[in-house]
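First up is the structure itself, then whatever we jot down about it.
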Amino acid sequence: MTTYLSRTEYYEAMKRLAAEKREQYSLNTEKLGLQRMRELYKSEGITIDLWKTSQKIRAVYMCDGGDPSVLVNRGLPEIPRLFAMAHELKHHYCDQSALNNGKIQCGDYNANEVIEKAAEVFAAEFIYPEQDFLNCVQLLGLERGNVSPEQIVELKRNCGAPVSYTFLRKRLEWFEFIEKAQFMKVQFQKLEEQIHGVPIYRQPWFKAHRKNRK
Amino acid sequence: MPDIYKHIGEQIRELRTSFKGKGISQDDLASEFGTTANTISRWETATYKPSVMELEKLARFFAVPIAVFFPQAQITPQINALLSATGDLDDDDLEEVTRYAQFRKARAEMKKAKRKK
C-alpha cells in the first residue's frame, strides 16, 4: 500500500532530511560557503558546471546516465549561488528516480511545483536551520508585530548565516514576526550602508586601488 | 567504434571551411578562440584532442549543437531536468538548457572514448 504525504508532511520531511545532511557533513552555519558546498558536491559525486545563462535560470539538475551534474548560472553572486546549490542537492537526494523515469520533465512547472517548493524548504533549512534563526531572533529581542527594518539589518549582521535579506524577511513572515509582504519595498542593503557605512570594497578609493593593481 | 577525435577533427574542418558560405581561415578562427592556427590544424587532424569545453565553444561559434561532433550520442528531445528559476522560461532559456543537456552527453561520450583507449 502506498502512503501519500500531505504537502506539510512532505515539507517537514525535507527539513528533517536537511538536518540529517547537516549532521552527516558536520556543517556549521557560519562556515558554510561556496568552498564547503563544492567539497560537499564532490563527496556526493556531483559535477558543477558554471554556465552562462539568462538571469532567470539559477541552476539545473540532471542525472541521466548515472552522472549527476548541476548547471550553475555563473553570474549568480555568492549567496544566491549557495542557495541554488543547496536547492539542487534536494533533487539529488530525492528526485533522481522520478527524473530518470521521465515522471518529471523540464518545463512542466505545475506538476513540479511541490517538488520545487520542497527543494526551497530543504535549502533554507540546510543553510540556516529554523531553530538557529529563532534563537538569534530571541537573542536580539525581536517581538512579533513590532519589528523594524533596522532590526532586520542587525539580524542579518549578527546571524552569521550566508543568507539574503529576502531570506530573512520571508522567515520573519513565516514565523509571523512581520506581516506578509511587509518591508517589501525597503532597500535593506542601502539601509545597512546608512547605518554601518559603505563596505570597504565598495568605497571609491578601494575600487581605484584595485583598478591600479590590475 | 570509429576514432571519436578523427570524426571531431573532420567536423571542425567541415564547419570551418563552410562557415557563412565562404569559410574562415585557421588563423582567423584561432584568433577568435585566443589560440594558434597550429592548434586548430592539429584539432582537425586529430593530433591534438580538444576538450569538451573547447568543443562547446566551437559549437557556439558555428551555431550548431555540440552533438554534431558525436554521431553516436543519442540526444533525445525530452530533457529530464529540474530547474531552479526565478520566472517562466522563454525559448532561449530552454534552448540553453538543451545545450547543457547535449554538453553533458558529449562529455560522457568523451569519457567513454578515453576509457576505451
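The values are calculated or read from the model by the stated rules, or taken from the named source; none is laboratory data. Worth saying up front: this structure is predicted, and the values here are computed from it rather than measured. Virtual Cβ from ideal backbone geometry, glycine too; neighbours counted across all protein chains shown.
Going by the structure shown, is B:E109 modelled with pLDDT of 95 or more, surrounded by 13 or more Cβ atoms within 10 Å (Cβ to Cβ), within 14 Å of the chain's Cα centre (by Cα) and among the charged types (D, E, K, R)?
Spelling it out, it is not the case that B:E109 is modelled with pLDDT of 95 or more, surrounded by 13 or more Cβ atoms within 10 Å (Cβ to Cβ), within 14 Å of the chain's Cα centre (by Cα) and among the charged types (D, E, K, R).
When the stretch B:1-45 is examined, which residues are found to be of a type in the set (A, V, I, L, M) and either farther than 20 Å from B:A108 by Cβ or assigned to a helix (DSSP H, G or I) (or both)?
Correct list: B:I4, B:I8, B:I12, B:L15, B:I24, B:L29, B:A30, B:A37, B:I40.
Does at least one position in the stretch A:67-87 carry a residue that is facing another protein chain (nearest Cβ under 10 Å), of a type outside the set (A, V, I, L, M, F, W, C) and part of a helix (DSSP H, G or I)?
yes
Taking the stretch A:43-66 only, how many residues are more than 9 Å from chain B (Cβ to nearest Cβ) and in contact with a strand residue (DSSP E or B) (Cβ under 9 Å, 6 or more places away or on another chain)?
Of the residues in that region, 3 qualify.
Would you mind stating whether A:D67 is touching a Leu at 6+ places or on another chain (Cβ under 6 Å), free of Cβ contacts under 8 Å to residues at least 24 places away in the same chain, over 17 Å from A:A118 (Cβ atoms) and surrounded by 11 or more Cβ atoms within 10 Å (Cβ to Cβ)?
The answer is no for A:D67.
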